[in-house]
Amino acid sequence: MQATGRIDTYPFDLEDFDPDQDSITSVIVEPAQNSADRSVARRACLQILYELDTTDHPVASVVNAHIQERPEAYKVRQFIRRIVVGVYAHREAIDALIQRYAPEWPVDQVAIVDRNILRIGVFEFLLQERNTPVPVIINEAVHLAQLFGAENSHSFVHGVLGTMTSDPAIALPVVNQERDAQ
């Protein structure tokens with residue numbers, strides 16, 4: 001949306017400016033939300049996974065309800081669906097990996113927000129055909145933790161994902177390992 005307006009008084013001196021002959025016009029431009037923004041999709045995934053983690057609602061109905069409310073493009077909605085359904089389907093394996101890389105914290109005692117941010121990160125890193133570079137996966141998870149987690153959540157999330165992604169034993173996504181074994 002663009003708005004234009006006329007300023008009659010100025011909070012500073014303008015050289016060679018005559019208000020009777022000259023004018024200043026400002027245009028406020030608000031950028032359109034990028035419909036292919038995966039950051040927005042990850043936020044939606046976190047909301048959906050939080051709901052699934054705290055209620056007994058069926059996965060399909062929760063995903064469909066959130067997807068119908070999303071103004072984003074089809075690809076973003078599909079990204080949301082793939083992440084949520086994938087995390088939910090592989091939750092036990094993902095939680096076992098989180099436990100392996102954060103042994104001091106039982107997964108069921110990790111804050112719900114942090115746990116689901118980690119689940120999203122682990123899924124993106126290991127359980128899908130990776131389209132996103134590893135540093136982006138970690139940065140996005142840390143950013144979610146800064147926005148929605150507790151004071152030190154971002155450090156915890158960064159530590160767990162950083163340790164996991166630097167482990168040479170799990171360098172390939174599980175999907176690629178399964179395909180390579182065939």
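Coordinate-derived values only; no laboratory data. Note that the structure is predicted; figures quoted are calculated from it, not measured. Here Cβ is always computed from backbone atoms with ideal geometry, including for glycine, and neighbour counts include all displayed protein chains.
Exposure proxy check: Arg119, Arg38, Arg82 ranked by fewest other beta carbons within 10 Å?
Numbers: Arg119 28, Arg38 20, Arg82 15.
Listing Arg119, Arg38, Arg82 from fewest to most nearby Cβ atoms yields Arg82, Arg38, Arg119.
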Using the number of other C-beta atoms within 10 angstrom as an exposure proxy, rank Phe148, Phe79 with the fewest first.
Phe148, Phe79
Sorted by packing (mean other beta-carbon atoms within 10 Å per residue), highest first, where do 110-116, 161-167 land?
110-116, 161-167
Packing-based order for 58-68, 87-97, 42-52, using average beta carbon neighbours within 10 Å, highest first:
42-52, 87-97, 58-68
Rounded to the nearest 20 debye, what is the charge dipole size of segment 38-181 about its Cα centre when +1 sits on each Lys and Arg Cβ and -1 on each Asp and Glu Cβ?
540
